[in-house]
1. Is there a residue being of a type in the set (Asp, Glu) and touching a residue at least 24 places away in the same chain (Cβ under 8 Å) anywhere in the stretch 83-98?
2. Only one of Asp93, Asp108 is over 22 Å from Asn48 (Cα atoms), assigned to a loop (DSSP other than H, G, I, E, B), more than 17 Å from the chain's Cα centre (by Cα) and not β-branched (Val, Ile, Thr). Can you tell me which?
3. Could you please give the count of residues in the stretch 186-204 that are charged (D, E, K, R) and within 16 Å of Leu151 (Cβ to Cβ)?
4. Spot the failing condition for Tyr122; the list is (1) in a helix (DSSP H, G or I); (2) in contact with a His (Cβ under 7 Å, 6 or more places away or on another chain), and only one is missed.
5. Hand me the list of strands (runs of 3 or more DSSP E) wholly inside the stretch 282-352 holding 3 or more residues that are under 15 Å from the mean Cα position of the chain (by Cα) and modelled with pLDDT of 95 or more.
6. Just one of Leu151, Leu200, Leu190 is within 16 Å of ligand 3 (Cβ to nearest atom) and under 19 Å from the mean Cα position of the chain (by Cα); which is it?
7. Please count how many residues of the stretch 5-49 are part of a loop (DSSP other than H, G, I, E, B) and of a type outside the set (Ser, Thr, Tyr).
8. Check Ser174 against each of (1) over 15 Å from the mean Cα position of the chain (by Cα); (2) within 16 Å of ligand 1 (Cβ to nearest atom) and name the one condition it does not meet.
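The values are calculated or read from the model by the stated rules, or taken from the named source; none is laboratory data. Owing to the predicted nature of the structure, the values given are computational and were not obtained by experimental measurement. As a convention, Cβ positions derive from the backbone with ideal geometry for all residues, glycine included, and neighbour counts pool all protein chains shown.
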Amino acid sequence: MKAIAVHRGETTPRVVDVPRPTPNVGEVLVRTLRVGIDGTDHEVIEGNHGGYPAGADRQILGHEAVGVVEDPGDSAFAEGDLVVPTVRRPPGDSNPYFERGEPDMAPDGMYVERGIAGADGYMAAYFTSPPEFLVRVPDSFAAFGFLVEPLSNAEKALEHAVSARSAFDWQSESALLGNGPLGLLTVALLQNSFDRVYCLGRRDRPDATIDIIEKLGATYVDSRETPVPAVPDAHEGMDFVFEATGYAKHAFECIDALAPNGVAALLGIPENWTFELDGGRLHREIVLQNKALIGSVNSHVPHFEAAADSLVSFPDWFVDALITDVNPPEQVARAFERRDETIKSVVEFATK
Ligand code: NAP
Ligand code: BGC
Ligand code: ZN
């Protein structure tokens, strides 16, 4: 079967022919429909994040997938069910994080991530998985169900941020985000619960991401003209910042962008970058203004379920506007090309 992999010493993914996987006892065989590409995939390919499966000279990419159950084995799934796989798996034997259903909270070494860190991903005509790592989604999700995974990361971060403000009457009116696909999905998510949503980018008009931001009712902010701490808001700062650019300075600049009692969730994965900052002042600001900074990574089944519910609530036009490029596996080079007009690029192995 066809798969898309990156090889050691290379930074360009290519199509490879690999044997169709045979499910182990208890596993489900899934026929892949679509696999999305995100900023993390590019970081993996460039060698800035994740790593190869132990002893392997190549890694099959892809962690945002939707597929159809081909062989349910003895699971509760039925042939033909549409499913989305979660990303983390135990590194060999299970461990307490997996046993209590919180692999997203596991520290390094206690998990592998399919398509990212230490395990092959889903960018192949078929994949196998234990059933507890598959989430059933409605049949209508065949074309966009792979968006459940990135949106689930946002659901988790929002849940943690809100929990970090749960000890008092938090006024959560305004929010600020980045404009990659993760940021845009989160703009759609936050439009329902925040009065004012600002989305940061560095794009000139006309631009499809700016169109989506504005059509969702949010405000575009050009970071080249308005640095993060200066983003205007009548409420004197942001109650919530969702950092999804991976631009390392934003992680610290957002402390000044926050309103008193605000919380920032950091999701972007930056490259190593050493720079100076006024640590004492920022530390004081966090303490004296009751601000919170949280990091958030990955997600698990409840976040996937919340994401599937949220996707249904988004405006009808949204997923079509987000998914700009659908490529067969043979067009792997085009699928991974970073063009200004590309928002979400997808590899399509089959249709339902
Ligand atoms: P992406 O496609 O790389 O998008 C990043 C966006 O940030 C791009 O639109 C980029 O703008 C913008 N950006 C970068 N630097 C900027 C700056 N200085 N000012 C304004 N905008 C800036 O990535 P993604 O898929 O949306 O994901 C975003 C980040 O989150 C990545 O680092 C990814 O690895 C990470 N991530 C983390 C999790 C988690 O669980 N923590 C989950 C998913 C993704 P241009 O396109 O104009 O360059
Ligand atoms: C994935 C997460 C993963 C994170 C860190 C994100 O792009 O969507 O599932 O945990 O990268 O590797
Ligand atoms: Zn991702």
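1. First pass over the stretch 83-98, keeping only residues of a type in the set (Asp, Glu): 93.
If we keep only those that are touching a residue at least 24 places away in the same chain (Cβ under 8 Å) as well, we get none.
Taking every residue of the stretch 83-98 in turn, none turns out to be of a type in the set (Asp, Glu) and touching a residue at least 24 places away in the same chain (Cβ under 8 Å).
2. Values: Asp108 fails: over 22 Å from Asn48 (Cα atoms).
Selected residue: Asp93, the only one of Asp93, Asp108 that is over 22 Å from Asn48 (Cα atoms), assigned to a loop (DSSP other than H, G, I, E, B), more than 17 Å from the chain's Cα centre (by Cα) and not β-branched (Val, Ile, Thr).
3. Applying the first criterion (charged (D, E, K, R)) to the stretch 186-204 yields 195-196, 202-204.
Then drop every residue that is not within 16 Å of Leu151 (Cβ to Cβ), which leaves none.
The qualifying residues number 0.
4. (1)
5. 344-348
6. Values: Leu200 fails: within 16 Å of ligand 3 (Cβ to nearest atom); Leu190 fails: within 16 Å of ligand 3 (Cβ to nearest atom).
Exactly one residue qualifies, and that residue is Leu151.
7. If we filter the stretch 5-49 for residues that are part of a loop (DSSP other than H, G, I, E, B), which is where we start, we get 8-13, 18-27, 38, 46-49.
Then keep just the ones that are of a type outside the set (Ser, Thr, Tyr); that gives 8-10, 13, 18-21, 23-27, 38, 46-49.
So the answer is 18.
8. Ser174 satisfies every listed condition except (2).
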